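Asks: I am attaching a structure below and will ask some questions about it afterwards.
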Amino acid sequence: MIGIIDYGMGNLYSLSKALERLGYSYEFVSAPDRLQEYSGLILPGVGAFGDAIANIRKLGLDRAIDAYVASERPILGICLGMQLLFDKSEENGENTGLGLIRGEAVRFYGDYKVPHMGWNQLRLRREHPLLEGVREGEYVYFVHSYHVLCKPDVLLATSDYHQEVTAIVGRGQVYGMQFHPEKSGETGMRLLRNFAVQCEGVLA
């Protein structure tokens, strides 16, 4: 069973429908003491970083997520949810994130359209079970105004939008996807399936 963390700022419908199409069971969860019941967690996110992390802390989910990660079970952050996994974001002033992966979210700056919105190719940085069956150059769907700067050792895939853009990260069992896999066609579904496979056999 996969838990989709509901803290009031996630696109829960399309994500849940994607898991249904893949044949995986899920529940929405917002109570901190229930997170440990799941073999995998997904942290979605749409909106502003500061509001999102404030909601997470108000609900006490930050401490519960820390405990879950310490149990070495898989968690996946999607879009804003990925950015929340990192140390901080400069959106609307500096805001502190969950600190599960070193790095920070910064705004796209330049003479080009922001937000970065549309289909872009993946550049695979190293082999990883999360990338099983995904080929170099496949397209996924992005919608974001901030992107993550992080160390190369956590990069699984990047993309390009006038600069290198962090697309997929992984540290231990903590994963993140800056794009929306649930809106990224067969490639996105394959990535979600690979995450769900990581959750199989994990004792909740």
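Asks: Using 1/(1 + (r/R0)^6) with R0 = 35 angstrom and r between the beta carbons of His162 and Ala31, what's the FRET efficiency to the nearest 0.05?
Replies: 0.25
Asks: Same structure again: If you roll a 1.4 Å probe over segment 113-204 with all protein chains in place, what percent of the accessible area is carbon or sulfur?
Replies: Roughly 49 percent of what the probe reaches on segment 113-204 is carbon or sulfur.
Asks: If you don't mind, there's one more thing I want to ask. Around Glu94, with a cut-off of 13 angstrom between Cβ atoms, what is the net charge of the other residues, counting Lys and Arg +1 and Asp and Glu -1?
Replies: My count for the surroundings of Glu94 gives -2.
Asks: Just how far, in whole angstrom, is segment 31-89 from segment 124-153 if you go by their alpha carbon centroids?
Replies: 20
Asks: Tell me which lysines have Cα within less than 19 Å of Lys17's Cα, excluding those fewer than 8 residues away on the same chain?
Replies: Lys183
Asks: Quickly estimate the mean residue ellipticity at 222 nm for the chain, helices only: each DSSP H run with n ≥ 4 gives -39500 (n - 2.57), and the total goes over all residues, rounded to 500.
Replies: Helices in the chain give a 222 nm mean residue ellipticity of -7500 deg cm²/dmol.
Asks: Heavy atoms only, probe 1.4 angstrom, no DNA, RNA or ligands counted: give me His144, His128 ranked by accessible area, highest first.
Replies: His128, His144
Asks: Per residue, how many Å² of accessible area does segment 1-159 show with a 1.4 Å probe?
Replies: So segment 1-159 comes to 45 Å² accessible per residue, rounded to a whole number.
Asks: If packing is taken as the average count of other Cβ atoms within 10 Å, what order do 105-113, 5-13 fall into, highest mean first?
Replies: The densest-packed peptide leads the list: 5-13, 105-113.
Asks: Counting only protein chains, not ligands or nucleic acids, how are Tyr146, Tyr68 ordered by accessible area (probe 1.4 Å), most first?
Replies: In descending accessible area the options line up as Tyr146, Tyr68.
Asks: Using r as the Cβ-Cβ distance of Gln121 and Ala70, and R0 as 30 Å, what FRET efficiency do you calculate, to the nearest 0.05?
Replies: Efficiency for this residue pair is about 0.25.
Asks: Still on this structure: How much length is gained if the chain between Lys58 and Ser145 is pulled fully straight, taking 0.36 nm per residue apart and subtracting their Cα-Cα distance, in nm to one decimal?
Replies: Value of the extension gain: 28.8 nm.
Asks: For the chain, what proportion of DSSP beta bridges, expressed in % and rounded to the nearest 5, is antiparallel?
Replies: 60
Asks: Would you please put 88-100, 17-29 in order of how densely packed they are, using the mean number of other Cβ atoms within 10 angstrom per residue and starting with the highest? Display every interim value, and only then the final one.
Replies: Details: 88-100: 16.8, 17-29: 14.8.
Going from most to least packed, we get 88-100, 17-29.
Asks: While we're here: Under 1.5 on a/c is rounded, so check that first for the chain, then, if it is not, pick prolate when a/b is larger than b/c and oblate when it is not; a ≥ b ≥ c are the square roots of the alpha carbon gyration tensor eigenvalues. Don't jump to the answer; show the numbers that get you there.
Replies: Details: a/c = 1.55, a/b = 1.15, b/c = 1.35.
Judged from the Cα gyration tensor, the chain comes out oblate (a/c at least 1.5, b/c at or above a/b).
The values are calculated or read from the model by the stated rules, or taken from the named source; none is laboratory data. Predicted model, so just to flag it, every value in this text is computed and none were measured. Glycine also receives a Cβ, built like all others from the backbone with ideal geometry; neighbour counts cover every protein chain displayed. These accessible areas exclude ligands, DNA and RNA; they are computed on the full protein's heavy atoms, side chains included. Shrake-Rupley method; radii C 1.70, N 1.55, O 1.52, S 1.80 Å.
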